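Before any comments, here is the structure.
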Amino acid sequence: MSQLFQELKRRNVFRVAIAYLALAWLIVQIADIVLGYTSAPAWVMQVLMLFLLMGFPLAVFFAWAFELTPEGIKREHEVDREKSITRETGRKLNRTITVVLVAAVAFLLADKFLLRGEAPSEAVGTDLSVAVLPFVAMSSGPDDEFFADGLTEEILNSLTRVPELLVTARTSAFHFKGKDIPIPEIAATLGVAHIVEGSVRRSGDQMRVTAQLIRAEDGFHLWSETYDHETSDAFGVQTDIAEKIANALDVVLDEDQLEQMRSFGMRDPEAFVAWQRGFDLYLRAHTGWSVTDRLREANEWLEKSLALHPENAAAYAIHSDLAAHILMEASAGQPISEEDLNKALADFTSDMDNAIKYAPDEVTGLSARFDKKIILGDWRGVTALLDEIARAQTCVWPSWDDVTSITYGYEQLFLDVALRKIECDPLNFSGWRAQVQGHAWLGDYQAAIAAGLRGLEVLPHNAIRHALVKTYIAANDIDAAEAIVDRGMLNEEMTFDLRVRLAAAEGDGDKARSLVAEMRETDWAEQMQGGMISMHSITGQRDEANRLAAEADARPLGHLILMVLPLDCQCGAPFDLEYTPNFARLLDDAGLPWPPKTLVDWPLMDDSTQQGEDIDE
């Protein structure tokens with residue numbers, strides 16, 4: 001046995017094995033870092049490790065069977081022992097092992113102090129803004145992408161618990177999912193100083209998560225770390241990542257803030273994935289027609305998630321959208337049984353109550369209360385509630401903040417919220433549209449038009465185009481408004497709507513009323529009940545506008561149709577309030593004046609119907 005050991009030693013088999021293992025380890029570590037920065041699939045690392053593993057016995061075999069000589073590589077038994085240079089070869093291998101080990105130590109130090117970013121505090125800067133980009137799923141299981149998305153969102157949500165940080169909202173951050181865009185360009189688009197990115201690789205019940213915090217201006221990695229954990233420990237990983245990011249940005253967290261971060265989020269991976277599947281379907285549901293059918297599918301996943309993690313306030317809010325759509329369809333006159341209507345009311349109320357109960361912070365709870373009161377027709381105190389939400393200056397706002405504000409004397413509040421929306425969520429169309437509307441209703445058409453043009457550069461969305469055309473009409477720049485409509489980029493409903501407005505603004509009654517008659521015959525006219533009231537009003541067909549408004553007011557929750565019309569119509573009172581006693585009661589409860597303000601002096605309308613205060617240019 002000792003003779004075999006001596007022979008293995010003489011032939012440098014041990015040295016070759018040590019050198020091979022050290023070099024293979026270094027290659028794997030470097031590859032893991034490199035692949036962590038790319039979207040390479042998991043099999044790349046698996047293949048590399050397989051080749052290195054297969055190479056080990058081959059290296060040992062060659063060290064035993066062959067020998068390096070001055071004439072080249074020869075079989076060991078062909079070498080004269082007197083002329084063997086195995087000692088010299090051994091010394092070379094010792095030097096090779098030393099170099100590899102030094103490189104390994106250097107890599108470990110770099111990984112700890114450079115890649116993981118113990119950066120000097122003065123390098124961090126003072127701009128505490130950050131966007132968390134979607135983590136890349138490096139494995140290809142059916143739920144792996146949703147798991148990676150969920151981990152990303154949980155990190156994002158944990159960071160929002162830190163009041164010193166401005167964290168870009170999910171909508172804007174996920175805009176870059178799967179896109180190969182340089183970090184500085186992403187940061188400039190989102191208006192942030194730092195970017196968080198990473199990857200997730202799952203295998204069975206194990207996962208490897210790599211995360212890094214990057215300073216956008218120079219690409220410097222302020223912090224980076226790799227986590228090898230069981231999938232069930234995703235909650236611990238996301239919390240640690242969020243805390244390390246805050247620390248790297250020199251944000252000092254007190255015990256209360258740490259507790260908030262550590263108590264926020266889901267601890268069940270199955271609930272984690274079901275929530276992401278439901279949210280993905282919810283987003284897809286709003287990209288076309290058949291919204292309610294798609295929302296039902298989304299709600300199936302949301303209910304699975306809530307059964308496992310019932311404290312998710314956001315899931316209840318999203319789940320309520322199906323009931324809200326059913327209620328809005330009923331308010332528009334679409335047929336619905338009393339049983340289905342009552343169920344939708346009960347479901348919406350229950351969902352919103354839970355969204356309020358489990359709200360992670362006060363402002364989120366206030367926003368849920370506001371939306372619940374607006375939908376259910378309990379408007380007492382809503383203006384004070386909206387003012388409190390706006391003054392909080394967070395990245396949370398209600399869905400219906402325009403209904404009781406912009407046309408009733410709260411234009412500046414509405415604009416302030418719009419600007420905050422863009423700061424928090426710059427790639428969400430609603431903020432840009434609201435900024436256009438806010439400036440316009442304050443009489444600053446130049447600023448409104450500039451905001452619309454800038455918004456279209458950032459996000460070419462039809463809702464922004466629609467608001468921009470309406471602003472051009474208000475500014476009496478009919479040519480500019482027509483130019484946008486004539487480009488043919490708007491859908492049929494928006495195009496009809498704007499062509500009626502253009503004809504009405506020019507005082508062409510025959511053309512305007514003819515277009516309205518055509519609209520009534522379209523397949524989508526029933527889904528534009530409120531819009532049809534506006535169209536009849538601005539084209540001088542007041543009696544028909546009043547008739548349609550009275551029909552809406554008599555239906556359950558008919559205010560859902562009527563409440564959006566002052567902003568849509570831009571005409572002051574789009575109908576006479578005596579025809580809508582239920583809606584009149586809501587206005588009285590909220591303390592809102594009637595008629596609301598007027599943005600456009602529509603020539604086909606009777607002056608007596610546009611009694612609202614005109615907007616000064």
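The values are calculated or read from the model by the stated rules, or taken from the named source; none is laboratory data. Source: prediction; values computed, not measured. All Cβ positions, even for glycine, are placed from backbone atoms using ideal geometry, and neighbour counts span all protein chains on display.
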Hey, could you check the range 331-354 for residues that are touching a Lys or Arg at 6+ places or on another chain (Cβ under 7 Å) and modelled with pLDDT under 95 and say which is nearest to E303 (Cα to Cα)? S331
Considering each of D378, D371, D347, D387 in turn, give the residue that is at negative phi and in the same structural domain as L322 (by TED's automatic domain parsing). D347
Tally, over the range 174-185, of residues that are out of contact with any Asp or Glu (no Cβ under 9 Å at 6 or more places or on another chain) and either surrounded by 14 or more Cβ atoms within 10 Å (Cβ to Cβ) or among the basic types (K, R) (or both): 3
Those residues of the range 181-208 which are more than 15 Å from A148 (Cα to Cα), touching a residue at least 12 places away in the same chain (Cβ under 8 Å) and either among the acidic types (D, E) or not in a loop (DSSP other than H, G, I, E, B) (or both) amount to I183, P184, I186, A187, A188, T189, L190, H194, I195
Quick one: is D589 closer than 15 Å to W441 by Cβ and surrounded by fewer than 20 Cβ atoms within 10 Å (Cβ to Cβ)? no
Hey, can you tell me all the residues within the range 341-366 that are under 18 Å from P310 (Cβ atoms) and either hydroxyl-bearing (S, T, Y) or not in a helix (DSSP H, G or I) (or both)? T349, S350, Y358, A359, P360, T364
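Could you check, for the range 548-556, whether at least one of its residues is under 18 Å from I473 (Cβ atoms), in a loop (DSSP other than H, G, I, E, B), basic (K, R) and at pLDDT below 95? Show your work before the answer.
Residues of the range 548-556 under 18 Å from I473 (Cβ atoms): none.
No: the range 548-556 contains no residue that is under 18 Å from I473 (Cβ atoms), in a loop (DSSP other than H, G, I, E, B), basic (K, R) and at pLDDT below 95.
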Which of the residues that make up the range 235-246 are out of contact with any helix residue (DSSP H, G or I) (no Cβ under 6 Å at 6 or more places or on another chain) and touching a residue at least 12 places away in the same chain (Cβ under 8 Å)? F235, V237, D240, E243, K244, I245, A246
Subset of the range 557-585, residues of a type in the set (D, E), in a helix (DSSP H, G or I) and over 39 Å from the mean Cα position of the chain (by Cα), comes to E578
Would you say T522 is surrounded by fewer than 23 Cβ atoms within 10 Å (Cβ to Cβ), β-branched (V, I, T) and touching a residue at least 24 places away in the same chain (Cβ under 8 Å)? yes
Which of (1) within 19 Å of N428 (Cα to Cα); (2) at pLDDT 90 or above does H194 not meet, given it meets every other one? (1)
Return yes or no: is R420 buried (at least 17 other Cβ atoms within 10 Å of the Cβ), at negative phi and basic (K, R)? yes
Out of all the residues in the range 504-525, which are more than 24 Å from E329 (Cβ to Cβ) and either part of a loop (DSSP other than H, G, I, E, B) or aliphatic (A, V, I, L, M) (or both)? A504, A505, E506, G507, D508, A512, L515, A517
Being more than 30 Å from E362 (Cβ to Cβ), assigned by TED's automatic domain parsing to the domain that holds S224, at pLDDT below 90 and part of a helix (DSSP H, G or I) narrows it down to one of F147, F107, so name that one. F147
Going through the range 294-331 in order, the residues found to be surrounded by fewer than 21 Cβ atoms within 10 Å (Cβ to Cβ) and not in a helix (DSSP H, G or I) are H309, P310, E311
Looking only at residues that are buried (at least 20 other Cβ atoms within 10 Å of the Cβ) and among the small types (G, A, S) in the range 246-293, which one is modelled with the lowest pLDDT? G265
